[in-house]
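The next block holds one structure in the form of structure tokens; read it before the comments.
What follows is calculated from the coordinates using simple rules that are stated; it is not laboratory data. Because the structure is a prediction, the values reported are computed rather than measured. Here the Cβ is made from the backbone with ideal geometry for all residues, glycine too, and neighbour counts use every protein chain on show.
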Amino acid sequence: MSDVDFFFDPVCPWAWITSRWVTEVVSLRNLQVDWKFISLRMVNSQRDYESEFPSGYTRTHTLGLQLLRVASAVRDDAGNDGVARLYSALGQAIHVDKRLGEMSEPKLVGSMLASAGLNANLAGALDDSSRDATISAETQLALDRAGKDIGTPVLTFAPPDGPSFFGPVISRIPRGEEALALWDATEKIARFQGFAELKRSLREAPQVQ
């Protein structure tokens, strides 16, 4: 049983930053994270990408779905730990090394799988739409827990019945005591049953490392 479920789409920079905060807390508190999937392409499937999103979002969100197919194959082959290692490798390449445009290439994804100690042949899942049912089910689970009109990431404390929410959306990665303080504050707010939303639209540029 995990301490927290973390729903991610690998192309989202905000989810990536939050995930690195979560992994920092895990290293300090020895918590167990279950890495789950939420596809931005599926979340926004009923929206008009041409009029509602900036140019390029269709390709980016579709690429996120393709990479989640690979993550699904990794989970079947190497379990939750394998998904964690893959997400770390993908996030480094996409958000830190700025290689998003190359991530649809099976050869590159295969080399990343190998570098993470995973089966390079699983890169073939990029175009395996049979895995979309699993991704869709987990996307719907995230929406059922946190509500609609949200993005990534989604966190659940003490799953499956603990509180869930979209976020926290943070623009930099806290470390050490700062990471723990933010974790404790976030969990305390989440566990208050009457809590609904805390938001400001002003953001600094994401600092991904």
Under the 7 Å Cα-to-Cβ spin-label approximation, residue 58 and residue 184 lie apart by a distance in nanometres of 4.9
Run the helix sum for the chain: -39,500 (n - 2.57) per DSSP H stretch of 4+ residues, divided by residue count, reported at 222 nm to the nearest 500 deg cm²/dmol. -15500 deg cm²/dmol
Top of 110, 56, 91 by mean-square fluctuation, Gaussian network on the chain, Cα under 10 Å: 56
With +1 on each Lys and Arg Cβ and -1 on each Asp and Glu Cβ, how big is the dipole of segment 4-191 about its Cα centre, in debye rounded to the nearest 20? 280
I'd like the distance separating the alpha-carbon centroids of segment 1-51 and segment 155-209, in whole Å. 12
Can you quote the Å³ per residue value for the convex hull of the Cα atoms in the chain, rounded to an integer? 126
The aspartates and glutamates whose Cα lies under 17 Å from the Cα of residue 98, excluding any fewer than 8 residues away in the same chain, are 9
For segment 113-209, with only Lys/Arg (+1) and Asp/Glu (-1) charged at the beta-carbon, what is the dipole magnitude about the Cα centre, in debye rounded to 20? 320
Within the set 88, 164, 115, GNM on the chain using Cα springs under 10 Å gives the largest fluctuation to 115
Residue 47/residue 161 FRET efficiency (R0 30 Å; Cβ-Cβ; nearest 0.05): 0.45
If 152, 58, 186 are placed from fewest to most neighbouring beta carbons inside 10 Å, the sequence is 58, 186, 152
Can you tell me the relative contact order of segment 4-191? Whole percent, Cα pairs under 8 Å, sequence separation 6 or more. 33
Taking loop as defined by DSSP and a crowding limit of 16 other beta carbons within 10 Å, which trypsin sites (Lys or Arg not before Pro) in segment 40-141 fit? 47, 98, 99
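Provide, as a two-decimal number, the C-alpha radius of gyration of segment 150-209 over 2.2 N^0.38 Å, N being how many residues it has. Don't skip to the end; give the middle numbers.
Details: Rg = 12.4 Å, N = 60, 2.2 N^0.38 = 10.4 Å.
Normalised by 2.2 N^0.38 Å, the Cα Rg of segment 150-209 equals 1.19.
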Find, among the GluC sites (Glu not before Pro) in segment 81-185, those assigned to loop by DSSP (not H, G, I, E, B) with at most 12 other beta-carbon atoms within 10 angstrom. none
